[in-house]
Amino acid sequence: MAAACLFCRIIAHEIPASIVYEDEALLAFNDINPQAPTHVLLVPKRHIETLNDLQAGDDQIVGELVRRAAAIAAERGISATGFRTVFNTNRDAGQTVFHIHLHLLGGRSLQWPPG
Ligand code: 5GP
Ligand code: ZN
């Protein structure tokens, strides 16, 4: 755990969050500033700053994040209508929390390309 990391503190239940799913390896919780009717963040419990820091040994957790996002989309009834999954990395993508997180967005029509 990185003591100064907001998402590590949410994972440790030091800071409250609206938790959607939790297991040994990952946590999913509602974004505090939702950009769509469904806006869930999925994070590995292990602190990884950006996608640039991924190692081969992280393949399992990245796969779990993506599969869990699809499962939550199914629970929300948006599998068929569609949803978007996004990892933002560093400044140009607008990453603000440096603990990797997969955004799951859906429940409305989403524009492409993003801004
Ligand atoms: P990024 O811009 O790094 O890809 O996304 C960070 C996300 O974290 C943003 O969508 C922001 O609304 C969300 N966020 C920031 N602080 C908190 C918080 O304390 N709780 C929750 N649930 N989400 C947060
Ligand atoms: Zn962290």
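Kindly provide the GluC sites (Glu not before Pro) of segment 1-100 that DSSP labels as loop, not H, G, I, E or B, and whose Cβ sees at most 10 other Cβ atoms within 10 Å. Listed in order of number, the matching sites are GLU24.
Remark: the chain carries a charge dipole of roughly 360 debye about the Cα centre, counting +1 on each Lys and Arg Cβ and -1 on each Asp and Glu Cβ. The Cα atoms of segment 1-59 give a gyration tensor whose axes a ≥ b ≥ c have a/c of 1.5 or more with a/b greater than b/c, which makes the shape prolate. Here segment 54-115 and segment 1-52 have alpha carbon centers that stand 12 Å from each other. The GLU49 and ALA80 beta-carbon pair, evaluated with R₀ = 30 Å, returns a calculated FRET efficiency of approximately 0.30.
Taken per residue, the accessible surface of the chain reaches 59 Å², heavy atoms only and a 1.4 Å probe.
Taking ALA36, ALA80, ALA69 as the candidate residues, the one with maximal mean-square fluctuation in a Gaussian network model of the chain, Cα springs under 10 Å, is ALA80. Only one residue of GLY106, ALA70, VAL43 has its Cα farthest out toward the positive end of the dipole of segment 6-106, where Lys and Arg carry +1 and Asp and Glu -1 on Cβ, and that residue is GLY106.
Heavy-atom surface analysis with a 1.4 Å probe gives segment 6-106 a carbon and sulfur content of 50 percent of its accessible area.
Once you have a ≥ b ≥ c as the square roots of the Cα gyration tensor eigenvalues for segment 6-106, tell me rounded if a/c is under 1.5, and otherwise prolate or oblate according to whether a/b is larger than b/c. Taking the square roots of the gyration eigenvalues as a ≥ b ≥ c, segment 6-106 is rounded. Helix 59-75 sits at what angle to the longest principal axis of the chain, using alpha carbons and giving 0 to 90 degrees rounded to 10? The angle comes out near 40 degrees.
The values are calculated or read from the model by the stated rules, or taken from the named source; none is laboratory data. From a predicted model like this one, the values you see are computed outputs, not experimental measurements. A quick note on method: Cβ atoms are made from the backbone with ideal geometry, for glycine too, and the neighbour counts reach across all protein chains shown. To get the accessible areas, we keep the full protein, side chains included, count just its heavy atoms, and leave off ligands, DNA and RNA. Shrake-Rupley method; radii C 1.70, N 1.55, O 1.52, S 1.80 Å.
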